[in-house]
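See below for the structure under consideration.
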Amino acid sequence: MFITFEGIDGCGKTTQIRYLTDFLEQNGFEVVATREPGGTDFSEQLRDILLHSKHKISPISELFLFNAARAHLIETLILPAIKNNKVVISDRFYDSTLAYQGYGRGLNKEDIEKCNEIIKQMGAIPNVTFLLDISTEDALQRREGEKKDRIESSDINFFEKVRNGYLKIAEQEPNRVKVINASQEKHITSEKIKKIIQEIMKI
Ligand code: TYD
């Protein structure tokens with residue numbers, strides 16, 4: 001089982017992943033929680049470059065670096081864990097690339113789909129993806145006072161485009177991508193996520 005969480009920065013993925021991990025573990029599942037970019041030593045090094053480099057990184061460079069980090073994570077962590085019957089939960093996956101680099105940065109979406117196709121051929125396709133949807137204003141408010149990385153420093157228009165991109169992705173793949181209103185109280189959001197997982201995993 002492979003579960004991914006998506007949404008704009010500040011949507012509350014980290015908290016929801018923690019709640020879902022606890023719930024699944026209480027039900028006897030072994031859970032491997034990971035994140036993108038990152039999750040392996042090599043991919044965490046790429047994360048550092050992507051989020052904290054002082055260099056100007058073009059959207060195309062960004063696209064390939066995210067995919068390099070992803071490929072390594074899939075090969076060394078995601079596929080082996082799935083093979084061992086573990087539940088893998090990833091904080092972001094390829095929908096982030098379409099939403100951020102495609103809809104946000106304006107890269108050609110077909111090119112991004114081509115990269116995503118290569119990734120899919122590796123065999124890691126999420127069974128279910130939770131899109132935690134929140135307004136850009138609410139998200140910005142939640143992140144107030146936090147130190148912003150290279151991508152988080154983008155302006156509100158960028159996040160507006162990313163959010164709308166995510167909603168389009170969900171429209172195109174309603175069976176996989178579940179849109180969850182993430183502006184509600186965190187336990188209410190968590191209950192909705194658990195209910196969907198209970199149905200899918202027959203818990
Ligand atoms: P995230 O881990 O959610 O940030 P934080 O540690 O602050 O919670 O995500 C890292 C950033 O990388 C986020 O701004 C989105 C961006 N990103 C992309 O632009 N494209 C991608 O393919 C991925 C995976 C992330």
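The values are calculated or read from the model by the stated rules, or taken from the named source; none is laboratory data. In this text the structure is predicted, and so the values were computed from the model without any measurement. Ideal geometry is used to build each Cβ from the backbone, glycine not excepted, and the neighbour counts take in all protein chains shown. Keep in mind that these areas ignore ligands, DNA and RNA; they rest on the heavy atoms of the full protein, side chains included. Shrake-Rupley method; radii C 1.70, N 1.55, O 1.52, S 1.80 Å.
A few notes on this one:
- For region 39-118, GluC sites (Glu not before Pro) meeting the loop criterion (DSSP other than H, G, I, E, B) and having at most 16 other Cβ atoms within 10 Å: none.
- Here the Karplus curve 6.51 cos²θ - 1.76 cosθ + 1.60, taken at θ = phi - 60°, turns the phi angles of region 191-196 into couplings of 4, 5, 5, 4, 4, 5 Hz, with x standing for Gly and Pro.
- Evaluating 6.51 cos²θ - 1.76 cosθ + 1.60 at θ = phi - 60° for every residue in region 161-172, the Karplus couplings come out as 5, 5, 4, 5, x, 4, 5, 5, 4, 5, 5, 6 Hz, glycine and proline recorded as x.
- Solvent exposure of the chain as accessible area per residue, Å², 1.4 Å probe: 51 Å²
- For the chain, the Cβ-based charge dipole about the Cα centre amounts to some 140 debye (Lys, Arg positive; Asp, Glu negative; other atoms uncharged).
- Rg over Rh for region 144-203 works out to 1.07, using Cα positions for both radii and the Kirkwood form for Rh.
- For the chain, modelled as a GNM whose springs connect Cα atoms under 10 angstrom apart, the maximal fluctuation among 58, 154, 135 occurs at 58.
- Value of [θ]222 nm, deg cm²/dmol, for the chain, DSSP H segments ≥ 4, -39500 (n - 2.57) each, nearest 500: -15500 deg cm²/dmol
- Comparing 109, 161, 178 in a Gaussian network model of the chain where C-alpha atoms under 10 Å apart are linked, the largest mean-square fluctuation is found at 109.
- Note that region 46-138 shows a convex hull volume over its alpha carbon atoms of 121 Å³ per residue.
- Projected label distance in nm at residue 58 and residue 27, using a 7 Å step from Cα toward the beta-carbon: 4.7 nm
- Set of lysines near residue 83 by C-alpha distance (under 27 Å), chain-local residues within fewer than 8 positions excluded: 13, 114, 120, 178, 194, 195, 202
- Centre-to-centre, using Cα atoms only, region 103-135 and region 1-65 are separated by 14 Å.
- The alpha carbons of the chain occupy a box of 46, 36, 31 Å along the principal axes, longest dimension given first.
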